[in-house]
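The structure that follows is given in the form of structure tokens.
Just so it is clear, none of the values below were taken in a lab; they were calculated from the coordinates. Computed from a prediction, not measured in an experiment: that's the story for all the values here. Reconstructed Cβ throughout: ideal geometry from the backbone, glycine too, with neighbour counts over all protein chains shown.
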Ligand code: HEC
């Protein structure tokens, strides 16, 4: 019988496959266990509904203004925003008077006096946002060796944009038991590698809002992210408006073309 060896051969094959399969399966279990104790993947980003989402989205001005307050009172201690001038703040609806006062609240280099000593003067709307550190070395020295990135275009520079920034600001947790933290680092669910050199910058009531909105951590994070997104995309609203106008025009043009076609062809039907 030619087929008499088939059944044993199949059995042997099945046994081999099982044995070979079992080894990787066991290894996979080990990996899974390892992952549980040492998380290697960040959870997926929260997806918030932002005022500036979608083709008609605009920046919630009140939120962006509260966000600037947070930048001014909290983030600007470590993060520069080199590409912004104080006068740009008119883009989030601040008045000229408010902008003058904000600029004047910082001291900037003002040339030299008649003894040749460098002097300072109050800032003007035409000045750049004042940086917290004179240079990168000083910034690193004050931050456990890490450089606080410039925040002018941070929203564009990170995958996930606003949702990532929000996730970082709200992603601080106690490190899982058994995870060895580097000195001076904080555990953050969303930072690559989970250890971030920025101590948790926002908590409930980190700032006082003047418009009656409650400064919870969630609210503060949303507000500062709205501000940072505006800062990185100040022309976004205009771009969207142009886009909407172009689409409306194309719809109109299609209508006109169709009407014209019908008219021209109408004579030919009979
Ligand atoms: C005490 C200084 C300090 C303050 C205050 C601070 N940061 Fe940071 N921040 C840092 C440092 C340092 C890093 C770099 C972290 C690293 O590389 O581990 C950083 C990094 C970040 C990152 C980047 C994460 C990435 O993907 O690189 C974001 C976003 C951020 N900060 C936002 C903020 C916001 C918003 C505020 C204000 C609410 C703020 N920070 C306040 C020091 C600070």
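How do 253, 202, 228, 147 rank when sorted from fewest to most other Cβ atoms within 10 Å of their own Cβ? Numbers along the way, then the final one.
On the way: 253 10, 202 22, 228 28, 147 14.
The fewest-first ordering by Cβ neighbours comes to 253, 147, 202, 228.
Still on this structure, please answer the following. Provide the packing ranking of 211-218, 67-74, 115-122, i.e. peptides ordered by the mean count of other C-beta atoms within 10 Å per residue, highest first. Numbers along the way, then the final one.
Numbers: 211-218: 12.5, 67-74: 20.0, 115-122: 9.6.
The packing order, highest mean first, is 67-74, 211-218, 115-122.
Still on this model: Could you work out the relative contact order of the range 85-127, using alpha carbon pairs under 8 angstrom and six or more residues apart, expressed as a whole percent? Provide the component values of the computation, followed by the final result.
Working: 55 pairs, mean separation 18.7, N = 43.
Here the relative contact order equals 44 percent.
Rounded if a/c is under 1.5, else prolate if a/b beats b/c, else oblate: with a ≥ b ≥ c from the C-alpha gyration tensor eigenvalues square-rooted, which is the range 63-165? Don't skip to the answer; put the middle values down first.
Details: a/c = 2.54, a/b = 1.22, b/c = 2.08.
Oblate.
Above 13 angstrom, tally the Cα pairs of the range 85-127 and express them as a % of all pairs, no decimals. Don't skip to the end; give the middle numbers.
Numbers: 485 of 903 pairs.
Everything past 13 Å amounts to 54 percent.
What does the convex hull of the alpha-carbon atoms of the range 168-255 project to on average, in nm²?
Details: hull surface 39.3 nm².
Convex hull of Cα atoms, orientation-averaged projection: 9.8 nm².
Here is a further query. Which ordering of 265, 230 is given by a fewest-first count of other beta-carbon atoms within 10 Å?
Working: 265 9, 230 26.
Ranking 265, 230 by Cβ neighbours within 10 Å, fewest first, gives 265, 230.
Rounded, prolate or oblate, given the Cα gyration tensor of the range 125-208, with a/c below 1.5 counting as rounded? List each step's numbers first, then the result.
Values: a/c = 1.81, a/b = 1.41, b/c = 1.28.
In terms of gyration-tensor shape, prolate.
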